[in-house]
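Worksheet: the structure to be examined is printed underneath.
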């Protein structure tokens, strides 16, 4: 128990209250307020609790006939479709083809959006040159560009990659721009006093300070890339998950349709896991939440 001598009131008398009687104030030792991390054997099942409940309801509905098979195939049929495509090798080939398209498109969009966001965030001249054009790009739905891109680039891989890149460049620019603008000027001045200039200042001080916004942009870009991938693979594709969706529509195979939805969901989980790994190593201090 810590003690503190009570201050004397004007005129030399001791302060009123408990301190006046004892001459000392008793202070309670503060409790350690850092939250304890939840055990992994509890945390991991909690992450899969809601998806497991959805699958259970889906399974029960299809097994009892509450959900007709013509409308929504049940998990056993979806699993049979998965096994069929896996044995033929099409599932692996289609998944890899879609992953490559999404990765290349996101790479182009993220790099371009990152560079433009840094330029616009660092200087007023960069903002005046870049920002209006990027705001126009963000306002135009990228799905509306599909017919134009087909007319300009054909239906080959170039069209698909560029569509995904255009879909992802806007969010990356916006979050990077805000992140750079929110960097503390005093921190930048301190870095400059240590001799950081030009690209070294950007890489060594500004981007690390804006990293939370950049990683949030990356997460959004990866999510949007799946939408762009679906739109791109609906046209002129002979491999990919989107091509599998087209075949399922032609032959009215609801099991294939649901399987494609599951594959897109798995692709989204892979992207999210990549961002989480980057966050873990780049910003280890963000592991704590506000309230446990």
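Rule-based calculations on the coordinates, nothing more; no lab input. Keep in mind that what you see is a predicted model, and the values were worked out from it rather than measured. Neighbour counts are summed over all protein chains in view; Cβ atoms, including those assigned to glycine, are modelled from backbone coordinates with ideal geometry.
Computed extension gain for residue 136 through residue 66, at 0.36 nm per residue and net of the alpha carbon distance, reaches 20.5 nm. The peptide list 185-192, 97-104, 120-127, 67-74, put in order of mean Cβ contacts within 10 Å with the highest first, becomes 97-104, 120-127, 67-74, 185-192.
Using the Kirkwood radius built from alpha carbon pairs, what does the Stokes-Einstein equation give as D for the range 74-284 at 10 °C and 1.306 mPa s, in µm² per second? Walk me through the numbers before you get to the answer.
Values: Rh = 18.8 Å.
After rounding, the answer is 84 µm²/s.
Please give the contour-minus-distance gain from residue 99 to residue 187: 0.36 nm per residue of separation, less the Cα-Cα distance, rounded to one decimal in nm. That pair, residue 99 and residue 187, stretches by 27.8 nm at full extension.
Remark: the residue 247-residue 56 segment gains 66.0 nm on full extension, using 0.36 nm per residue and subtracting the alpha carbon distance.
The modelled label-to-label distance between residue 88 and residue 209, using points 7 Å beyond Cα along the C-beta direction, is 5.6 nm.
Each of residue 266 and residue 281 was given a label point 7 Å from its Cα along the Cα-to-Cβ line. The distance between the two points is 2.5 nm. Among 242-249, 128-135, 226-233, the peptide with the highest mean count of other Cβ atoms within 10 Å heads the list, and the full ranking is 226-233, 242-249, 128-135.
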